[in-house]
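Notes follow the structure.
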Amino acid sequence: MTALSFVSSTKELTRFARFLAVGALGTALDFSVLTLLKLAGLPTLLANSASFTAGLLNNFTLNRLWTFGDAIHSNWKKQLTQYAVVSLIGLTFNDLIVISLEGLMGAWIGQPEFGYLPAKVIATGVVVFWNYFANRAWTFRVR
């Protein structure tokens with residue numbers, strides 16, 4: 001099944017909209033924790049990884065209950081493990097993009113110490129598609 005056929009139905013579009021809403025909440029949490037950790041002096045890679053993990057736990061819970069409620073099975077630990085694997089791959093993409101673009105974005109906005117923020121926006125925009133389609137196909141596949 002192609003990615004386009006995944007989003008062709010109204011049900012799938014609703015599911016994707018819910019995924020984006022959950023993601024928006026998780027992103028707000030992620031950015032907030034990232035900013036607080038950076039202000040506390042943590043290096044970008046450590047702060048970004050910690051903030052991404054906070055978002056991951058929030059998003060797993062809400063996606064399992066609301067977005068993909070029809071794909072819940074009793075083994076939540078297995079689903080969490082699958083979600084974590086998908087998210088860790090997403091985190092790798094996210095970290096690579098943030099670290100790669102932080103300096104460039106800092107120079108672009110004229111404030112090198114805040115270059116991680118626009119870099120994070122770009123990374124989030126890329127990784128959301130990986131996370132949705134991988135979780136839809138594997139973690140929350142309707143059985």
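Nothing in this text is a laboratory measurement; each read-out follows from the coordinates by a stated rule. Everything numeric in this text was worked out from a predicted model, so none of it was measured. Ideal geometry is used to build each Cβ from the backbone, glycine not excepted, and the neighbour counts take in all protein chains shown.
Legend: translational diffusion of the stretch 9-143 by Stokes-Einstein, Rh = Kirkwood radius over C-alpha pairs, 25 °C, 0.890 mPa s; D = 160 µm²/s.
Residues considered: 89, 97, 109. Largest GNM mean-square fluctuation over the chain, using C-alpha springs under 10 Å, is found at 109.
Across the chain, C-alpha contacts under 8 Å between residues 6 or more apart give a mean separation that, scaled by the residue count, equals a relative contact order of 23 percent.
For the chain, the longest principal axis of the C-alpha atoms and the axis of helix 10-39 are separated by about 30°.
With the simple spin-label model, which puts each label point 7 Å out from Cα in the Cβ direction, the residue 81 to residue 61 separation comes to 2.2 nm. With everything on Cα atoms, drop me the angle between helix 44-62 and the longest principal axis of the chain, reported from 0 to 90° to the nearest 10. Approximately 20 degrees, to the nearest 10.
If you run the Gaussian network model on the chain, springs between alpha carbon atoms under 10 Å, then out of 75, 63, 131 the most flexible one is 75.
Taking label points 7 Å from Cα along the Cα-to-Cβ direction, residue 122 and residue 99 give a separation of 1.6 nm.
Under the definition of Cα pairs under 8 Å and six or more residues apart, what whole-number percent is the relative contact order of the stretch 9-54?
Details: 20 pairs, mean separation 17.9, N = 46.
Over the stretch 9-54, the number comes to 39 percent.
By the helix-only formula, in which each DSSP H run with n ≥ 4 contributes -39500 (n - 2.57) and the sum is divided by residues, the chain has a 222 nm mean residue ellipticity of -25500 deg cm²/dmol.
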